[in-house]
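The block underneath contains the structure these notes are about, expressed in structure tokens.
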Amino acid sequence: MTPFHLFQLPILAIENVLSMLDTYGLINISLGSSRIKKIVTTFSRLTPNLPVDLFLTDKPGISVTDQNKVHWSYYLTSYQPAVGYYKYINGSAITHSTYIYSGNPLEEWMKLYDHIKRAIGCYIIHVDFDFDYFPSQNKRIIDWMTTQNDSFDTLNVLSTQEEDSGHVQYLMSKIKACRNLSLCVTDGYQIEIPETVYLTITNSKFIDCEQFLRLRAQEILLIRCSLTNQDFNRFLKSWMAGESHFELKKLKIGTSIEDGTDEIMMGVPHEVTTDIDVAEVMRRGPFRIEMTRGYNITRSDGKVATVCVSNHFDKEIRPEYSRSGCLCMWVH
């Protein structure tokens, strides 16, 4: 078969051929040489930058989402049997995954992202960061990642080692803004939370009342929280006075304390409600509880919120928390 010398064609002809390639094809062909990369880069300047998800796990990954919402993923692995190409279809979602062998997955992962960014143009919107896999490199990863972006749409952080507390706090201090922040950390952490819209903390024992009152997220989910009924009472009074959580819309706090409604509502002006529409809201996420009785409270500016105390955190989907109580609040 006679070889087709694509890059010996006139530039317009080359661009016509490149326009027929999908994201996977553009990335792969750009890896051929520096000259090819330069041509692909010039061509890609005519198209919008693409969003990227980063995965910091045992197989560092990069997932590029094209204009057709198709995901093109690359994973670096030192496990030879995992190498290969896989296609996943979940309803209308299509993911093409390529596993590449590397003796130094983290280093090659960074280089691959830099290559993709320069070749086709991209920006980070989502990061899954497991601090347990490259503990000696965590600070370097943070510095590199926040040099690429200092704001993220979604950041999920997992750490099971108390000695990583400093690195997790370092990451939080480097982030300018994050729309969705999820933290799953072990006991013994002390972390200042950056500004965010949606906040989930799976082990929130480190959150004391003072730090809780400083949170400014619109939606907050705290699991395994150590706040007391007196703290909840203080929070409700603070919210009603307009002193904290002014942006709050939805709140769910899981606690091991059994129903202490009287103590929580002590000195808090309220009206008891059994409104079926409010009960329906409480059945849905993020609350997912059965409300038999709620308490309407009013902020100084007239804004109303419904508070509900339940003996069950989320019996349907989290049986491990079925014996834990929770406080829920919906601002409406």
Projected label distance in nm at Val70 and Lys139, using a 7 Å step from Cα toward the beta-carbon: 4.3 nm
Antiparallel DSSP beta bridges within the chain, as percent of all bridges there, nearest 5: 45 percent
Angstrom value of the Kirkwood radius, inverse mean 1/r, which spans all Cα pairs in the stretch 204-264: 11.8 Å
Rg/Rh ratio calculated on Cα atoms of the stretch 59-100 (Kirkwood radius): 1.01
Of every Cα-Cα pair in the chain, the percent that sits beyond 38 Å: 32 percent
Rg to Rh quotient for the stretch 181-332, alpha carbon positions, Kirkwood Rh: 0.93
Dipole magnitude (debye, nearest 20) for the chain, charges at Cβ of Lys, Arg, Asp, Glu: 1100 debye
Under 20 Å from Lys37, Cα to Cα: lysines that are on another chain or at least 8 residues apart: Lys111, Lys117
Which of Lys249, Lys111 has the fewest Cβ neighbours within 10 Å, and the rest in rising order: Lys111, Lys249
For the stretch 234-287: rounded, prolate or oblate by the Cα gyration tensor [a/c cutoff 1.5]: rounded
Helix axis angle, 165-174 relative to the chain longest principal axis, alpha carbon, degrees: 80 degrees
Rounded to 10°, Cα long-axis angle of helix 229-240 versus longest principal axis of the chain: 80 degrees
Efficiency of FRET between Ser226 and Arg284 - r from beta-carbon atoms, R0 30 angstrom, step 0.05: 0.65
Square roots of 5 times each gyration tensor eigenvalue, C-alpha, the stretch 46-154, largest first, Å: 21, 19, 13
Qualifying lysines (Cα of each under 17 Å from Cα of Lys303; at least 8 residues distant if same chain): Lys237, Lys249, Lys250
In Hz, Karplus ³J(HN,Hα) per residue of the stretch 47-52 (6.51, -1.76, 1.60; θ = phi - 60°; x = Gly, Pro): 10, x, 4, 9, x, 10
The chain: relative contact order in percent, alpha carbon pairs under 8 Å with at least 6 residues between: 9 percent
Debye equation applied to the C-alpha atoms of the stretch 112-175, log10 I(q)/I(0) at 0.14, 0.15 Å⁻¹: -0.42, -0.48
Hz values of 3J(HN,Hα) by residue in the stretch 137-142 - Karplus curve (6.51, -1.76, 1.60), Gly and Pro given as x: 10, 4, 5, 4, 4, 4
Residue among Thr186, Gly103, Cys308 farthest towards the positive dipole end of the chain, charges placed on Cβ: Gly103
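Every number here is computed from the coordinates shown, using simple stated rules; none is lab data. Bear in mind that the values here come from a model prediction, so they are computed numbers and not experimental data. Cβ sites come from the backbone with ideal geometry, for glycine too, and all protein chains shown count toward neighbours.
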